[in-house]
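The values are calculated or read from the model by the stated rules, or taken from the named source; none is laboratory data. Predicted model only: the values in this text are computed from it and were never measured. Because the Cβ atoms are built from the backbone with ideal geometry, glycine has one as well, and the counts that use them run over all protein chains shown. These accessible areas exclude ligands, DNA and RNA; they are computed on the full protein's heavy atoms, side chains included. Shrake-Rupley method; radii C 1.70, N 1.55, O 1.52, S 1.80 Å.
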Amino acid sequence: MLELFRNHLTIKFPVLYESRLLLAVSGGMDSVALTHLCAQLELNFALAHCNFNLRGEESDVDESFVLELGGNLNVEVFIESFDTLDYAKQHKLSTQMAARELRYNWFQDLAESLNFDYILTAHHSDDQLETFLINFLRGTGLDGLTGIPEFNDNIARPLLPFSREDIEDYLKNANVLWREDSSNISTKYLRNKLRHEVVPILKDINPQLLDSFKSTLSHLNDVADIVDESLNAVAKRAIVDIDDNGISYKISEFKKVNNPHAYLFHMFKDFGFTAWDDILHLLDGETGKQVFSETHVLLKHRELLVLSEIRDEKSTETIKIQNVDAAISTPIGTLIFEMVQQVKEASNNAIFIDLEKLEMPLYLRPWKAGDYFYPIGMTGRKKVSKYLKDEKLTLFEKDNIWVLSSQDNIVWVVDKRQDDRFKVTSETTKILKIILNS
């Protein structure tokens, strides 16, 4: 197996030969095999072991075993002890999910703080099959059927081509000991139930099951590549704008494809959405209709779908400005006041006003229903709500609009339009320039 492993790394993972590696080691068969293989290839690595304190003395013996393993191989060992049950309770997670979250968070912290290039885990082809079956039984899309990736950011899994049998044979032939996790025997966990009761039957039906499965995974990944290529092509045509408010997509591009539901699913599934029929109905829905996930919202705005993160509730803060001789830090940026001698070209984020027309203090606040102003360059007054509608702003953009007022009179719909009543005229003697640096 050593030569097969060496060849596999040379072809698929050549970068590991020149990298600083952190090996996730439980003390079990798989991770011990990975440790010895890396040692035989003289890779630059350290070990990281999590004590989840779930099996009493057995967990402590595992920790001691890993420390001894590192000592025998003369490699550094990092140990972290977790109160896994308490973490699971606090975060409302299953014990397994809590342990997974704890270990990967710790691995990433170690990698970042100690400059490890890659984290290596000992997943193998039997793990691939079990993960596939778990996802299949729970219901999944194509992503859930394409297997565990060999590379995922800075996490590498160089044992994926090898079976549990290959690994056990390697360790026995090398007279290497490992620890058995007693919890792996219990069939109360779905993975263990599949491992001990289902997979053996499948292997009995097809002794070449893992080889057949590898072929299936290869075909599924080829299909996934085709899907990604098609999705990227549609996204390239559909996306018309990306800004602080989100991503805007042309609805017409989703209507052109044969199966809009499938494209919407793959385009937005990573944002936590589940109400796919509701999202499909947005294509022909009224402007302003929205569909929410826990983290994002998808809005129908005229001929667009706008994807945005859900932000904190709109601020109702009002900022009182006593004088105009200093910069003011605000939730929407920094307001800068500057006395100037002449008016230059104004813009959305810079206005010129007649200082003597102001009544102090000034107030900066989010706009509200009933607000009105006299837009410069227009005749008469206009409700801010109507002005924003005419500007064709989305709900998200409207939520981020603030106004600057002098007493009860709006001076500026900030970053949009100033009020005509405060404009500079031929009679103005003191010109104040107000700038918003966002």
Can you tell which of Leu9, Leu85, Leu22 is surrounded by 13 or more Cβ atoms within 10 Å (Cβ to Cβ), at pLDDT 95 or above and either basic (Lys, Arg) or not in a loop (DSSP other than H, G, I, E, B) (or both)?
-> Leu22
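Condition check: under 30 Å from Gln407 (Cβ atoms), open to solvent by 50 Å² or more (accessible area, probe 1.4 Å), within 22 Å of the chain's Cα centre (by Cα) and modelled with pLDDT under 90. Does Glu317 satisfy that? Lay out the reasoning, then the answer.
Values: under 30 Å from Gln407 (Cβ atoms): yes; open to solvent by 50 Å² or more (accessible area, probe 1.4 Å): yes; within 22 Å of the chain's Cα centre (by Cα): no; modelled with pLDDT under 90: yes.
Answer is no for this residue.
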The one condition Leu210 fails out of (1) assigned to a loop (DSSP other than H, G, I, E, B); (2) touching a residue at least 60 places away in the same chain (Cβ under 8 Å) is (1)
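Given the residues Ser59, Ser64, which is the only one that is open to solvent by 60 Å² or more (accessible area, probe 1.4 Å) and part of a helix (DSSP H, G or I)? Before you say what the answer is, go through the steps one by one.
Numbers: Ser59 fails: open to solvent by 60 Å² or more (accessible area, probe 1.4 Å).
Selected residue: Ser64, the only one of Ser59, Ser64 that is open to solvent by 60 Å² or more (accessible area, probe 1.4 Å) and part of a helix (DSSP H, G or I).
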Would you mind finding the one in Val291, Val297 that is touching a residue at least 12 places away in the same chain (Cβ under 8 Å) and in contact with a helix residue (DSSP H, G or I) (Cβ under 6 Å, 6 or more places away or on another chain)?
-> Val291
Could you give every pair whose Cβ atoms fall below 7 Å, whose first residue belongs to region 106-118 and is at negative phi and in contact (Cβ under 8 Å) with a residue 60 or more places away in the chain, and whose second residue is among the charged types (D, E, K, R) and surrounded by 11 or more Cβ atoms within 10 Å (Cβ to Cβ), counting only separations of at least 6 or pairs across chains?
-> Phe116/Arg20; Asp117/Arg20
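Taking the options Lys382, Lys398, Lys344, name whichever one is exposed (fewer than 12 other Cβ atoms within 10 Å of the Cβ) and either touching a residue at least 40 places away in the same chain (Cβ under 8 Å) or basic (Lys, Arg) (or both). Steps first, please.
Details: Lys382 fails: exposed (fewer than 12 other Cβ atoms within 10 Å of the Cβ); Lys398 fails: exposed (fewer than 12 other Cβ atoms within 10 Å of the Cβ).
Selected residue: Lys344, the only one of Lys382, Lys398, Lys344 that is exposed (fewer than 12 other Cβ atoms within 10 Å of the Cβ) and either touching a residue at least 40 places away in the same chain (Cβ under 8 Å) or basic (Lys, Arg) (or both).
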So, of the residues in region 422-438 that are in contact with an Asp or Glu (Cβ under 9 Å, 6 or more places away or on another chain) and outside any strand (DSSP E or B), which turns out to be nearest to Ile328 (Cα to Cα)?
-> Ser438
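Could you tell me how many of the residues in region 333-371 are acidic (Asp, Glu) and under 40 Å from the mean Cα position of the chain (by Cα)?
Of the residues in that region, 1 qualify.
Per-residue answers, yes or no, for (1) assigned to a helix (DSSP H, G or I); (2) among the hydrophobic types (A, V, I, L, M, F, W, C):
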position	(1), (2)
Phe116	no, yes
Gln128	yes, no
Leu133	yes, yes
Asp143	yes, no
Gly147	no, no
Phe162	no, yes
Ile167	yes, yes
Leu171	yes, yes
Trp178	no, yes
State whether one or more residues within region 155-173 are in contact (Cβ under 8 Å) with a residue 60 or more places away in the chain, more than 29 Å from Leu41 (Cα to Cα) and open to solvent by less than 80 Å² (accessible area, probe 1.4 Å).
-> no
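Name the residues in region 88-129 that are of a type in the set (A, V, I, L, M, F, W, C), within 20 Å of Phe52 (Cα to Cα) and open to solvent by less than 70 Å² (accessible area, probe 1.4 Å), would you?
As a first pass, look at region 88-129 and keep what is of a type in the set (A, V, I, L, M, F, W, C): 88, 93, 97-99, 102, 106-107, 110-111, 114, 116, 119-120, 122, 129.
Keeping just the survivors that are within 20 Å of Phe52 (Cα to Cα) gives 88, 93, 97-99, 102, 106-107, 110-111, 119-120, 122.
Of everything in region 88-129, those that are of a type in the set (A, V, I, L, M, F, W, C), within 20 Å of Phe52 (Cα to Cα) and open to solvent by less than 70 Å² (accessible area, probe 1.4 Å) turn out to be Ala88, Leu93, Ala98, Ala99, Leu102, Trp106, Phe107, Leu110, Ala111, Ile119, Leu120, Ala122.
Looking at the structure I just gave you, is Leu388 assigned to a helix (DSSP H, G or I), in contact with a helix residue (DSSP H, G or I) (Cβ under 8 Å, 6 or more places away or on another chain) and of a type outside the set (Asp, Glu)? Please lay out each step first, then the result.
Details: assigned to a helix (DSSP H, G or I): yes; in contact with a helix residue (DSSP H, G or I) (Cβ under 8 Å, 6 or more places away or on another chain): yes; of a type outside the set (Asp, Glu): yes.
Criteria met by Leu388.
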